[in-house]
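In what follows, a structure is listed as structure tokens, so that the remarks can point back to it.
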Amino acid sequence: MINLKLELDQLYNFVSKEELNAFDRQVISAYRKIYNKTGAGNDFLGWVDLPSSTPDDLLDQISAHAKSLQTKSEVFVVIGIGGSYLGARAVIESLNSYFATKKDTPQIIYAGHHISEDYLAELLDYLNNKDYSMAVISKSGTTTEPAIAFRMLRTHIEQKYGVEEARKRIVAITDKSRGALKLLADSEGYTSYVVPDDVGGRYSVLTPVGLLPIAMAGINIHELIAGARKMEAMSRAVQKIHGNPIAQYAAARQALYQKGKTNEIMVNYEPKLFYFSEWWKQLYGESEGKNQKGIFPASVGFTTDLHSMGQYIQDGLRKLFETVISVEKPKHELRIPQADSDLDQLNYIAGKRLSEVNLMAELGTTLAHVDGGVPNLRIRIPEVSEDILGQLIYFFEMACALSGYMLEVNPFDQPGVEAYKKNMFALLGKKGFENQTAELKQRLQQKK
């Protein structure tokens with residue numbers, strides 16, 4: 001049984017139940033495209049049955065490998081960009097302590113997700129005094145940002161430990177049969193895991209791409225997959241709006257989009273979910289933003305951002321709607337103490353748990369924003385755990401695929417991402433891009 005609940009009470013002032021249910025035919029059609037593999041991008045549907053088809057033996061293997069690496073690693077570096085690191089980071093930061101790593105697990109550090117010289121220099125300096133190992137995650141091995149980071153970190157780790165020991169500390173997660181990283185991994189003898197051919201990067205968190213780093217952080221990947229399996233089973237059993245929160249969410253988004261609500265803001269009231277929102281933004285932005293279509297995904301962390309973005313959300317351009325992830329039970333219990341002086345005027349809530357105050361802030365904000373013309377969708381989860389995160393991941397993945405097909409775009413490609421790369425390669429003088437180099441440099445000169 002799934003534990004996630006989608007609440008649409010604060011939607012119906014903007015979209016009626018009848019209007020929402022009118023999308024049922026589109027939902028059913030989108031499901032058929034997914035399960036019959038007849039829609040655009042159908043060669044990238046491996047994520048659909050990934051939870052149920054992932055063998056427990058693979059989970060055991062990854063868990064055991066993580067344990068062996070943990071014994072020699074104070075730090076584990078995850079080299080990747082986009083879906084190659086965001087999904088893992090979303091889960092790790094949602095479940096780990098704010099201020100300490102779990103006993104006998106390494107600190108997880110990320111590289112290859114930008115090209116900051118200062119960041120990488122400071123990371124290499126930090127690693128001089130730490131025992132570490134790393135995973136490099138790339139289907140091709142030639143994506144610029146992670147390729148640069150891996151080249152520099154590989155040099156560092158080989159100089160620190162020697163080539164033979166470095167080979168034992170490097171894990172490659174890449175294509176099963178081709179690509180630069182696969183060739184290097186085979187020639188060097190790195191332990192390797194496969195990124196399935198039919199799973200795109202932003203849908204890959206439940207493959208070894210996400211599972212190895214998550215296991216390195218001491219998180220139970222068996223329970224994560226078990227949660228995803230529950231949501232997968234529900235989705236396959238009910239392929240229509242009624243009784244299926246995934247379909248309801250996808251339909252609600254499209255109904256709001258047709259009414260001019262073109263910006264969706266993911267809201268959380270737990271800072272640990274910050275990177276979950278970052279993963280969600282990539283998933284939806286890269287999947288839907290095509291052909292001058294798509295809902296723009298943004299995120300805020302309340303109540304923090306009520307003191308920065310709250311004014312705009314309450315009173316700005318009315319193109320927004322919010323999706324709130326509401327957590328019922330925190331892991332810890334803290335109550336507000338009574339004070340003799342009450343100078344801060346907080347005695348009226350003395351004795352209350354912080355989570356109760358946080359909930360009232362959530363409910364009060366929702367009502368204020370709805371009154372201000374911002375529809376709210378609420379996803380209520382009992383807690384932040386491996387099982388629940390597995391459910392949430394699959395929920396958003398399937399809803400994204402449904403939404404993309406309902407929007408009549410291919411939710412599994414990303415043609416627009418290539419434009420900046422071509423310009424960058426030309427400006428750097430990469431072979432094969434010479435014809436564009438002069439033109440681009442002239443355009444830049446004209447802007448000066």
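The values are calculated or read from the model by the stated rules, or taken from the named source; none is laboratory data. Worth saying up front: this structure is predicted, and the values here are computed from it rather than measured. Because the Cβ atoms are built from the backbone with ideal geometry, glycine has one as well, and the counts that use them run over all protein chains shown.
Of note:
- Yes/no for G218 being surrounded by fewer than 24 Cβ atoms within 10 Å (Cβ to Cβ), of a type in the set (G, A, S), more than 18 Å from the chain's Cα centre (by Cα) and within 15 Å of L95 (Cβ to Cβ): yes
- Set V384, V417: member being of a type in the set (A, V, I, L, M, F, W, C), assigned by TED's automatic domain parsing to the domain that holds L320 and under 28 Å from the mean Cα position of the chain (by Cα): V384
- Number of positions in the range 274-300 that are surrounded by 16 or more Cβ atoms within 10 Å (Cβ to Cβ) and farther than 23 Å from L8 by Cβ: 9
- The range 123-175 - residue that is in contact with a strand residue (DSSP E or B) (Cβ under 8 Å, 6 or more places away or on another chain) and among the β-branched types (V, I, T) and, of those, farthest from D197 (Cα to Cα): I157
- Of the residues making up the range 350-388, just one is farther than 12 Å from Q10 by Cα, among the polar types (S, T, N, Q) and not in a helix (DSSP H, G or I), namely S385.
- Considering the range 25-39, and only residues there that are closer than 19 Å to P196 by Cβ and in contact (Cβ under 8 Å) with a residue 12 or more places away in the chain, the residue that is nearest to the chain's Cα centre (by Cα) turns out to be I34.
- Neighbours by Cβ (under 7 Å, 6+ apart or cross-chain): first from the range 171-196, touching a residue at least 40 places away in the same chain (Cβ under 8 Å); second surrounded by 17 or more Cβ atoms within 10 Å (Cβ to Cβ) and of a type in the set (K, R): G179/K139; V195/K139
- Some residue of the range 414-423 being more than 29 Å from A233 (Cα to Cα) and either of a type in the set (A, V, I, L, M) or not in a helix (DSSP H, G or I) (or both): yes
- Residue check for Q391: closer than 30 Å to V205 by Cβ and either in a helix (DSSP H, G or I) or touching a strand residue (DSSP E or B) at 6+ places or on another chain (Cβ under 6 Å) (or both): yes
- Identification of helices (runs of 4 or more DSSP H) wholly contained in the range 1-99 with 3 or more residues that are over 30 Å from E328 (Cβ atoms) and not assigned by TED's automatic domain parsing to the domain that holds S235 yields 56-70.
- Hits in the range 311-357 (condition: small (G, A, S) and within 19 Å of L273 (Cα to Cα)): S326, S355
- Answer residue from the range 100-147, given it is assigned to a loop (DSSP other than H, G, I, E, B) and acidic (D, E) and is nearest to D175 (Cα to Cα) among those: D131
- Residues (among the hydrophobic types (A, V, I, L, M, F, W, C) and over 30 Å from R202 (Cβ atoms)) located in the range 413-448: A438, L444
- Screening the candidates A233, A228 for the property of being touching a Pro at 6+ places or on another chain (Cβ under 8 Å), modelled with pLDDT of 95 or more and either small (G, A, S) or under 24 Å from E93 (Cβ atoms) (or both) yields one hit, A228.
- Where Q159 falls short, out of the listed (1) assigned to a helix (DSSP H, G or I); (2) in contact (Cβ under 8 Å) with a residue 24 or more places away in the chain; (3) of a type outside the set (D, E); (4) in contact with a helix residue (DSSP H, G or I) (Cβ under 9 Å, 6 or more places away or on another chain): (2)
- Count - residues of the range 241-273 that are among the acidic types (D, E) and surrounded by 20 or more Cβ atoms within 10 Å (Cβ to Cβ): 1
- The requirement of being surrounded by 15 or more Cβ atoms within 10 Å (Cβ to Cβ) and among the small types (G, A, S) is fulfilled nowhere in the range 418-425; no residue meets it.
- The requirement of being more than 22 Å from K281 (Cβ to Cβ), of a type in the set (S, T, N, Q) and at pLDDT 95 or above is not satisfied by N423.
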